[in-house]
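As structure tokens, the structure follows; a few thoughts come after it.
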Amino acid sequence: MSSGTPRRADALRNRRLALDAATALLAEPGTPLTVETIARRAGLGAATVVRTFGGKDALLDAAVSGLLAPVVQRARDLLAETAPGEALGLFLRELIAFQAAHHSASDQWGGLDMPATSALRGDLARLMEEMVEGAQRDGAVRTDIDPAVATSLIGRTALAIARTQPPSPQLIDAYLAVLLRGLRPPT
């Protein structure tokens, strides 16, 4: 066996350990997302984590984008398989659950260079806007609100509901009922 093979296996193992640790910490409210905290959780040295990813930004970008990619794919799937208005209602409930699980960590990654995460967030906003536009075409959502404005309103208020502590299924149900009813075309 060449001397490079074990190191390569070690590097892959270290990458997975650091990524798993960062992903787990993203779901723990109040836990600082520092290289040291991630390294400690992974059972690695901070220098190993930095060497493996090149820094905190790249590590958190990989962890967050790994969490966000299935959410974006779910939005794509719903849009392809379901009427846009129905897709919007179904997706919002799932999006709020995702945001509730990870909102506290999002406060810590502001200002970081996270290109993969930024791209996925852009994709998510575009998909939600497509849901709104499609629902408008189908007559399920009012047309007197610009789709970009509706998407921003939905995203910002959904995040506020997701940040409610402790999480409240009744509040989520009420929010979705009021929001979706308010988006219906006036009669």
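Scanning the range 62-74 turns up no residue that is of a type outside the set (A, V, I, L, M, F, W, C) and in contact with a Lys or Arg (Cβ under 8 Å, 6 or more places away or on another chain). Of the residues screened, Ala39 is one that is buried (at least 20 other Cβ atoms within 10 Å of the Cβ), aliphatic (A, V, I, L, M) and touching a Gly at 6+ places or on another chain (Cβ under 8 Å). Against the numbered list (1) assigned by TED's automatic domain parsing to the domain that holds Met114; (2) part of a loop (DSSP other than H, G, I, E, B), Asp61 comes up short only at (2). I'm trying to understand the selection: among the residues of the range 17-31, which are under 20 Å from the mean Cα position of the chain (by Cα) and either surrounded by 16 or more Cβ atoms within 10 Å (Cβ to Cβ) or assigned to a helix (DSSP H, G or I) (or both)? Within the range 17-31, Ala18, Leu19, Asp20, Ala21, Ala22, Thr23, Ala24, Leu25, Leu26, Thr31 meet the criteria. Inside the range 126-146, residues that are under 23 Å from the mean Cα position of the chain (by Cα) and either touching a residue at least 60 places away in the same chain (Cβ under 8 Å) or loosely packed, with under 15 Cβ neighbours inside 10 Å (or both) make up a count of 1. Those helices (runs of 4 or more DSSP H) of the range 86-187 in which at least 1 residues are at pLDDT 95 or above and closer than 20 Å to Arg74 by Cβ, considering only elements entirely within it, cover 115-137. There is no residue in the range 95-107 that is surrounded by fewer than 15 Cβ atoms within 10 Å (Cβ to Cβ), closer than 24 Å to Arg137 by Cβ and not assigned by TED's automatic domain parsing to the domain that holds Asn14. The residue that is farthest from Met131 (Cα to Cα), counting only those in the range 147-187 that are free of Cβ contacts under 8 Å to residues at least 12 places away in the same chain and over 21 Å from the mean Cα position of the chain (by Cα), is Gln170.
Rundown of residues vs (1) part of a helix (DSSP H, G or I); (2) at pLDDT 90 or above, yes/no style:
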site: Thr5; (1), (2): yes, no
site: Arg8; (1), (2): yes, no
site: Asn14; (1), (2): yes, yes
site: Leu33; (1), (2): no, no
site: Thr37; (1), (2): yes, yes
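When Ala47, Ala69, Ala27 are screened for being closer than 30 Å to Gln165 by Cα and modelled with pLDDT of 90 or more, only Ala69 passes. Taking the condition within 18 Å of Met128 (Cα to Cα) and either in contact with a helix residue (DSSP H, G or I) (Cβ under 6 Å, 6 or more places away or on another chain) or free of Cβ contacts under 8 Å to residues at least 12 places away in the same chain (or both), does Val64 pass? No: the conditions fail for Val64. Residue-level check: of (1) touching a residue at least 12 places away in the same chain (Cβ under 8 Å); (2) assigned to a helix (DSSP H, G or I); (3) not assigned by TED's automatic domain parsing to the domain that holds Arg163, Ala47 misses just (1).
The values are calculated or read from the model by the stated rules, or taken from the named source; none is laboratory data. What you see is a predicted model, and the numbers here were worked out from it, not measured in a lab. Note that each Cβ is placed from the backbone with ideal geometry, even for glycine, and that neighbours are counted across all protein chains shown.
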